[in-house]
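Let me give you the structure first, and then I'll get to my questions.
The values are calculated or read from the model by the stated rules, or taken from the named source; none is laboratory data. The structure presented is a predicted model; accordingly, all values stated were derived computationally and were not measured. All Cβ positions, even for glycine, are placed from backbone atoms using ideal geometry, and neighbour counts span all protein chains on display. Each accessible area value is taken on the protein alone, full model and side chains, heavy atoms only, with ligands, DNA and RNA left out. Shrake-Rupley method; radii C 1.70, N 1.55, O 1.52, S 1.80 Å.
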Amino acid sequence: MRNLKLLKSLRSSELQGPGTPQCFSVRSDTGSLLIASQFSVTEYNPQSGEVVSEASLTADGYLPEDGSGVVVGLQDLAELQSACLATAGGDVVLFNLNTSQLECVGSVDSGLTSMSWSPDEELVILTTGQETIIMMTKDFEPVTEVGIHQDDFGEGKFITVGWGKKETQFHGSEGKQAAQKKIQDVQPAVAWDDRRPRVTWRGDGQLFAVSAICTQTGARKVRVWNREGVLQATSEPINGLEQALCWKPSGSLIASSQHHPNKHSVVFMEKNGLLHGDFTLPFSKDQVKVKELLWNNDSSVLAVWLEDLAAGVDREVKNYIQLWTVGNYHWYLKQSLDFDGDKAPVYFCWDPERPLRLHMVAQNWTTVTYDWGWTTERSPGLDNTDDASVAVIDGEKVLVTTFRQSGVPPPMCSFELQLESPVNQVTFLCQPTRTNQIAVFTSSGRISVFGKGKTADGFRILSRPLVLQKTFRVTAPQDDALALRQLLWLQEELFFAVAPGILPNTSVLLMLHPGQDAPDTLAVRSQLEVDGVVISTVYSSQTGTMALQLEDGQVKRLLWDSPELSVEEWLDSSGVSINFPVPCIQTALCCISGTEYLLGLTDRSHLYAGDTELASNVSSFAVCDDFLLITTHSHTCRCLQLSTLTLKGLQVALSSDGGQNDETLRRVERGSRLVTVVPQDTRVILQVKLQNLELLHSTMHHRALVLAQLRKWLDGLRFRDAFECMRKLRINLNLIYDHNPKIFLENIETFITQLNSINHINLFLTELKEEDTTCTMYPRPESCPSQTQSVSGLKKVDVVCDALRKAMESMDPNKFCLSILTAHVKKTVPALETALQKVHELRENPPEAPGAVSAEEALKYLLFLVNVNDLYEHSLGTYDFELVLMVAERSQKDPKEYLPFLNMLKSLEPNYQRYAIDKHLKRYRKALVHLSKSGEEHFIELVQLVKEQKLYSDALRLYPAGSPQYKLLSCAYAEHLVEQQQAEQAGLLLWRCGEPARALQAFTSCSSWRNAICVAQQIPLPPDQLALLARDLAERLNEQRRYSEAALLLDQYAKDCEEAILALITGAFWEEALRLIYMHNRQDISETNLKPALLEAVSTQTGFLEAQIATFTRHRSRLAVVREQKEKARLEMLDEEGPDCPDAELYSEASSVMTASKYSQSNSRISSRSSKNRRKAERKKLSLKEGSPMEDRALMHALSEIITTIDKMREEIHSLLKALVLFQFEKQAEKLQQAYEGTLQTMEGALPEVWPEGLLSSNVTGPNSTANSIMASFQQQKPAASQQDPEIPTAPKLRNGVKWKLTILK
């Protein structure tokens, strides 16, 4: 759905050579033109207007001096830096472009009629006056010579197997009469045929075709030859086949023209000579002749050169060059160039490098170069009144498709606009609310304006055709309709256009307005000449800005709303001029974070915003309101909201691959191209070319556009529009609530009223989930403030269900009965009992309102929502047997199964009946309550239930504290606690319920000595038994190393001070032991037990410190060696792989080579193990064995444990030192203090070495880090230590604030 738009034209009239141009060629390396006449050959540069080189063809006798000579071929040979030309006299001449010398490389006595070089310039075909073909190499060595006319069909001759006769064959649409049709003789060629052979090559140079007049029939016949000069195929007899011949570069078709009795058409042949399609030229019978056909080098455009057969009223013969394109097997006439008199072309050709550049030379030696570009003409509106129209030029028609109402693939359309002459340009009105109006500029120099017509009464037309409202005549500069380009319709009667300037590299900007004297003629209201060639213009109706782009990429701002036009530089916020680095073929204005930018797309797929490159793989883009949409060559469509992004953010967004829930990214078909975007809607129109078909994807809804539109609708309380869109596009309906919970709850009645459908409300309720979709599936844009939940502490589903239920009950409970039931059932804990009760009420009191739901319908609906077995069980829980029967009847249950059970329940006492039902439903707590009300005869059954279901606490609440039942239940609970290794709690229960003996036993078994002593004294126990109990408890406490508590029992209750002192000495409670010694006057124990124990403690502590410091030193040295080895390995890898080697990071201090390869793979297995096994695996992984993968971390763990152990000895050493000083063991105390102090200093000094600075920060990208953790670390800007690997221990902190040293010791 694209049109050809003229970007620029370069006309040069400075060349005036002798004679008339006869042949024409373009140099691919310099772009200069080679023109040959009957007198000379000239190389001309149209940019500078200078003749580069020239040589006379008559001076050396190659052509006669009287001007009767003819040049039949001219070709630029880039490799030889020469041009090859052939004359009708038979000479093949090389024109050296460097020295301007001519050299004859061959001559044919019979003369030459044509010359054609292969695309690779390796072979040349010459046709001679004797109607032969001479094939030569690029060095002009003959390869073969064969006659043009061959009797044989060729190597590709069709094979006939001889099945059936012509009379019995199927003849398709021609009918049975085709069997009797006689083969008619082929008519001779038309009179105006120049009867010269035509030669054309296929794009790959493997085949060439020759069209020549058959000597027998006088008609033209096409023969196809291969590269070796062997005939491959001969065309079928074709009446009216004309001289034009051109092989499509892509190799599929050969184009020619055919004269029919009633029409004139361009036909296509396959390489086997059979016809394959055609299209009709828009001329009447015998009006024109086709002089040449020419494909451009990418096979996208076919140029047809035509000439009138008879002179017009002004006695001048008109010439036409028409540009045709094809899509979906339909041929479109995109451009028509009309020429009169001496301006008519004598030759034209496509540029070999630029596919859409056309060169032409006229009879008066004027050269014109046209540069075209592909464009999609779409309506520029941004509101609902815009129909998202796209206009396609097709000769004298404009095909308009309004995508807001319909999406039909080309060549179909919504309606057609018929003109009187071929259309060259189309533009839409740029005024808001009137953007559907179209202005059409034709080749006759007229602008026709089309607008909305009147609507027929009683009919509603979705896509109303436009009607012709006014036609303006435009006086074109230089009398050339194509002199006006870049047409824009700014206001109702104000047009903007660009025309070529007087100088080649200038342009004239024109503002066209109807004149006062001639309202049907557009006159120039103001004009401005600018330096440079304007190749694109763009206008923004939002800001009123018009931007111009010059051919060198310069960007200008046009100030057009003043009486006189003016142009200024495009400046950024800092006042620096901004230009495109390279020229762009498509431009658009947009605002990014409040700053206006000019976007441009180059022919190399680079997207720029000013001089900043945004992306490098863009195939098309469009700006719609606040969104930028692009398609990429990686088959994705991106949609980005410009107001939420900075220019840098836009670059980052376009370079990212997108996440799982990235709403800006969508995969599309290969080769998809943006056509348009429907404003204020969710539809994006894409066109996809698949082989020969172009498919239109008009139903694609980009997620970003959909969500942006949904947010607008929800903010505007348009719940129905949002719901319908979400339902159609499968958007999670939770977004209706999650977008703004407070607004939704405040306008819940509006929501119900707008939906006004039970099914829609039920659908909304059934999709409710606790998940906040604005945080998971549809993240909010950064500019959109987050909305907090309206009711904190309550679940979302319950809040919405309750709010909707209350609103519906207050509005119309009968109408919304099913939705009210859905609200009950969809709660997080389904209120099935309440729903069933409502069904029961409907059965008891049927509503009389019309359209009300009956009990049967409600129950049927409940069975649709809930499993029938679950519903049956919950109906039992209501203790309403009528309701149970009603549900059971609707289920698939056998009455023989449930009726006996229900009859049995009915026969029971009410409380016991409910107990039986609750027990059947496994609602044991309710069953316990009902059983406790059933009488004393069921108490044993109650105890059994309590024990089975462990409902001890619930059972105790049902009886008073002093009752026998309470005591029995407490004893049973205590027995259960003892079994659960909770004897202390069991003792408390037994003590509370009056069982002190059993309580004492429970307290004693768990060493709860304080409670045991209290119970023993409450009983009370005799003194001797109390002493025995104290000794027993002390023994248990000694086993548990609770020496101070054991000493207290022995001293106060067993009255054994010696055993108490010995217990304190064993536990190293020196000061407490001395207190008891002096309290009981047992100084003898100091000599016998205390002093030896002190000396033994000194020896033990000193030996322990020596062992720890030796182990610490060994681990510290080994750690240094391991780190040195890893650093050496890392440097070796850097030397081998270079400084950017990604694997070098594996050898850092915070990582290991083996870690990433071995243990990272086992994480998934370890995570599934028990915690005990995981700890075991971790210990195994951190092995101190030399050479193990994680030896450095194991050493750090070991060093950390040693330092922590030594640091915890401060209080113990302090107490021991005081006792040693007291008993005058100064030497031992000094030695111990020095040893401990030295150990602490050694370890404190080693901390910077073991835990160097920066070790933990480098671990952010360690082997156990994930992409999410790394990104979170950088995004949240937290200290790196917070993301540290748990396998690397932090440096232990020494408690230097604890005072342990004695100053009285040296």
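Please go through (1) more than 30 Å from E50 (Cα to Cα); (2) open to solvent by 40 Å² or more (accessible area, probe 1.4 Å); (3) part of a loop (DSSP other than H, G, I, E, B) for W374 and return the number of the only condition it doesn't satisfy.
In the conditions (1) more than 30 Å from E50 (Cα to Cα); (2) open to solvent by 40 Å² or more (accessible area, probe 1.4 Å); (3) part of a loop (DSSP other than H, G, I, E, B), W374 misses (3) alone.
Separate question: Restricting attention to region 967-1024, which residues are on the phi < 0 side of the Ramachandran plot, assigned to a loop (DSSP other than H, G, I, E, B) and either of a type outside the set (D, E, K, R) or touching a residue at least 60 places away in the same chain (Cβ under 8 Å) (or both)?
Q980, Q982, C993, C1006, S1008, I1019, P1020, L1021, P1022, listed by residue number.
Related question: Which condition number in (1) open to solvent by less than 40 Å² (accessible area, probe 1.4 Å); (2) aromatic (F, W, Y); (3) over 30 Å from R464 (Cβ atoms) is the one that F403 fails?
In the conditions (1) open to solvent by less than 40 Å² (accessible area, probe 1.4 Å); (2) aromatic (F, W, Y); (3) over 30 Å from R464 (Cβ atoms), F403 misses (3) alone.
OK, next. Name the residues in region 855-871 that are assigned to a helix (DSSP H, G or I) and surrounded by 18 or more Cβ atoms within 10 Å (Cβ to Cβ), would you?
Of everything in region 855-871, those that are assigned to a helix (DSSP H, G or I) and surrounded by 18 or more Cβ atoms within 10 Å (Cβ to Cβ) turn out to be A855, A858, L859, Y861, L862, L865, L871.
Does L1255 meet the test of being outside any helix (DSSP H, G or I) and at pLDDT 50 or above?
Here the answer is yes, as L1255 does meet what is asked.
Given the criterion open to solvent by 10 Å² or more (accessible area, probe 1.4 Å), part of a strand (DSSP E or B) and not basic (K, R), identify the matching residue among E669, E568.
Working: E669 fails: part of a strand (DSSP E or B).
On inspection, the qualifying residue turns out to be E568.
Can you tell me which of (1) under 18 Å from G877 (Cβ atoms); (2) modelled with pLDDT of 90 or more is the one R923 doesn't meet?
Evaluating R923 over (1) under 18 Å from G877 (Cβ atoms); (2) modelled with pLDDT of 90 or more leaves (2) as the failure.
So that you can scan it fast, the table gives a plain yes or no per residue for (1) outside any strand (DSSP E or B); (2) over 60 Å from the mean Cα position of the chain (by Cα); (3) crowded, with 19+ Cβ neighbours inside 10 Å:
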{"site": "M1", "(1), (2), (3)": "yes, no, yes"}
{"site": "L7", "(1), (2), (3)": "no, no, yes"}
{"site": "L15", "(1), (2), (3)": "yes, no, yes"}
{"site": "G31", "(1), (2), (3)": "yes, no, no"}
{"site": "L34", "(1), (2), (3)": "no, no, yes"}
{"site": "S68", "(1), (2), (3)": "yes, yes, no"}
{"site": "Q75", "(1), (2), (3)": "no, no, no"}
{"site": "A83", "(1), (2), (3)": "no, no, yes"}
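Another question about this same structure. Given the criterion within 25 Å of L1184 (Cβ to Cβ), open to solvent by 70 Å² or more (accessible area, probe 1.4 Å), at pLDDT below 90 and out of contact with any Asp or Glu (no Cβ under 9 Å at 6 or more places or on another chain), identify the matching residue among Q1125, Q1083.
Step by step, each of Q1125, Q1083 is checked, and only Q1125 is within 25 Å of L1184 (Cβ to Cβ), open to solvent by 70 Å² or more (accessible area, probe 1.4 Å), at pLDDT below 90 and out of contact with any Asp or Glu (no Cβ under 9 Å at 6 or more places or on another chain).
Quick one: which helices (runs of 4 or more DSSP H) lie wholly within region 796-851 and hold at least 3 residues that are under 21 Å from I748 (Cβ atoms) and out of contact with any helix residue (DSSP H, G or I) (no Cβ under 8 Å at 6 or more places or on another chain)?
Values: elements: 796-811, 817-825, 832-844.
So the answer is 796-811.
Considering (1) open to solvent by 50 Å² or more (accessible area, probe 1.4 Å); (2) not in a helix (DSSP H, G or I), say which one Y959 fails and leave the rest.
(1)
Checking the condition within 29 Å of A999 (Cα to Cα), touching a Ser or Thr at 6+ places or on another chain (Cβ under 7 Å) and surrounded by 13 or more Cβ atoms within 10 Å (Cβ to Cβ), which residue from E984, E975 passes?
None of the other options fit; the residue is E984.
Right, here's the next one. (1) modelled with pLDDT under 90; (2) surrounded by fewer than 19 Cβ atoms within 10 Å (Cβ to Cβ): which one isn't true of L97, the others all being true?
Going through (1) modelled with pLDDT under 90; (2) surrounded by fewer than 19 Cβ atoms within 10 Å (Cβ to Cβ) one by one, L97 breaks only (2).
Here's a check for you: in region 232-250, which residue that is open to solvent by less than 20 Å² (accessible area, probe 1.4 Å) and over 52 Å from the mean Cα position of the chain (by Cα) is farthest from T137 (Cα to Cα)? Walk me through how you get there before you give the answer.
Of region 232-250, the ones open to solvent by less than 20 Å² (accessible area, probe 1.4 Å) are 233-235, 238, 240-247.
From what is left, the residues that are over 52 Å from the mean Cα position of the chain (by Cα) are 234, 238, 240-243.
Numbers: T234: 25, I238: 33, G240: 35, L241: 31, E242: 30, Q243: 26 Å.
Residue satisfying both the conditions and the ranking: G240.
When you look at S934, is it outside any helix (DSSP H, G or I) and either among the acidic types (D, E) or buried (at least 18 other Cβ atoms within 10 Å of the Cβ) (or both), yes or no?
Yes; evaluated as a whole, the condition is true for this residue.
While we're looking at this one, here's another question. Got a sec? Which of L1029, L1062, L1033, L1050 is within 23 Å of L1217 (Cα to Cα) and assigned to a helix (DSSP H, G or I)?
Result: L1062 is the single residue among L1029, L1062, L1033, L1050 that is within 23 Å of L1217 (Cα to Cα) and assigned to a helix (DSSP H, G or I).
Every residue, every condition in (1) at pLDDT 90 or above; (2) touching a Phe, Trp or Tyr at 6+ places or on another chain (Cβ under 6 Å); (3) in a loop (DSSP other than H, G, I, E, B); (4) under 26 Å from D152 (Cα atoms), yes or no:
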| position | (1), (2), (3), (4) |
| --- | --- |
| P237 | no, no, yes, yes |
| Q243 | yes, no, no, yes |
| C246 | yes, yes, no, yes |
| G251 | no, no, yes, yes |
| A255 | yes, yes, no, yes |
| K285 | no, no, yes, no |
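Could you give every pair whose Cβ atoms fall below 7 Å, whose first residue belongs to region 285-311 and is free of Cβ contacts under 8 Å to residues at least 24 places away in the same chain, and whose second residue is part of a strand (DSSP E or B), counting only separations of at least 6 or pairs across chains?
Going by the 7 Å Cβ cut-off, the qualifying pairs are Q287/D308; D308/V288.
Could you grab me the full set of residues in region 892-913 that are within 60 Å of the chain's Cα centre (by Cα) and surrounded by 14 or more Cβ atoms within 10 Å (Cβ to Cβ)?
Of everything in region 892-913, those that are within 60 Å of the chain's Cα centre (by Cα) and surrounded by 14 or more Cβ atoms within 10 Å (Cβ to Cβ) turn out to be K893, Y898.
Could you check how many residues of region 298-311 are more than 19 Å from W331 (Cβ to Cβ) and either at pLDDT 90 or above or part of a strand (DSSP E or B) (or both)?
To start, the set of residues in region 298-311 that are more than 19 Å from W331 (Cβ to Cβ) comprises 307-311.
Next cut, either at pLDDT 90 or above or part of a strand (DSSP E or B) (or both) only: 307-308.
Residues in region 298-311 being more than 19 Å from W331 (Cβ to Cβ) and either at pLDDT 90 or above or part of a strand (DSSP E or B) (or both): 2 in total.
Okay, moving on. I'm checking my understanding of the structure. Among residues of region 804-841 that are open to solvent by 30 Å² or more (accessible area, probe 1.4 Å) and among the aliphatic types (A, V, I, L, M), which one is nearest to the chain's Cα centre (by Cα)?
V829
Let me ask another. Taking the criterion of being loosely packed, with under 15 Cβ neighbours inside 10 Å and acidic (D, E), would at least one residue in region 533-551 satisfy it?
Checked against the condition, which is being loosely packed, with under 15 Cβ neighbours inside 10 Å and acidic (D, E), region 533-551 yields no hits at all.
Okay, moving on. When residues of region 1196-1249 are filtered for being of a type in the set (D, E) and closer than 17 Å to K1091 by Cα, how many remain?
Residues that pass the stated criteria total 3.
Does region 1035-1063 hold any residues that are among the aliphatic types (A, V, I, L, M) and in contact with a Lys or Arg (Cβ under 9 Å, 6 or more places away or on another chain), and which are they?
A1046, L1049, L1050, A1054, I1061
Wholly within region 574-629, which strands (runs of 3 or more DSSP E) include no fewer than the required count, namely at least 1 residues that are among the aromatic types (F, W, Y) and within 24 Å of K5 (Cβ to Cβ)? I'd like the intermediate steps shown before the answer.
Working: elements: 586-592, 595-601, 607-609, 612-615, 618-624.
Because the criterion is at least 1 residues that are among the aromatic types (F, W, Y) and within 24 Å of K5 (Cβ to Cβ), the strands (runs of 3 or more DSSP E) in region 574-629 that meet it are 595-601, 607-609, 618-624.
Considering only residues that are aliphatic (A, V, I, L, M) and not in a helix (DSSP H, G or I), look in region 710-764 and name the one that is surrounded by the fewest Cβ atoms within 10 Å (Cβ to Cβ).
Only one residue fits best here, namely L717.
Quick test of your reading of the structure: G381 fulfils all but one of (1) of a type outside the set (D, E); (2) surrounded by 22 or more Cβ atoms within 10 Å (Cβ to Cβ); (3) without any contact (Cβ under 8 Å) to a residue 40 or more places away in the chain. Name the failing condition by number.
(3)
Which of the residues that make up region 1065-1095 are among the acidic types (D, E) and closer than 12 Å to A1219 by Cβ?
E1071, E1072, listed by residue number.
Return the only residue of V652, V678, V706 being out of contact with any strand residue (DSSP E or B) (no Cβ under 7 Å at 6 or more places or on another chain), over 30 Å from V400 (Cα atoms), at pLDDT below 90 and among the β-branched types (V, I, T).
V652
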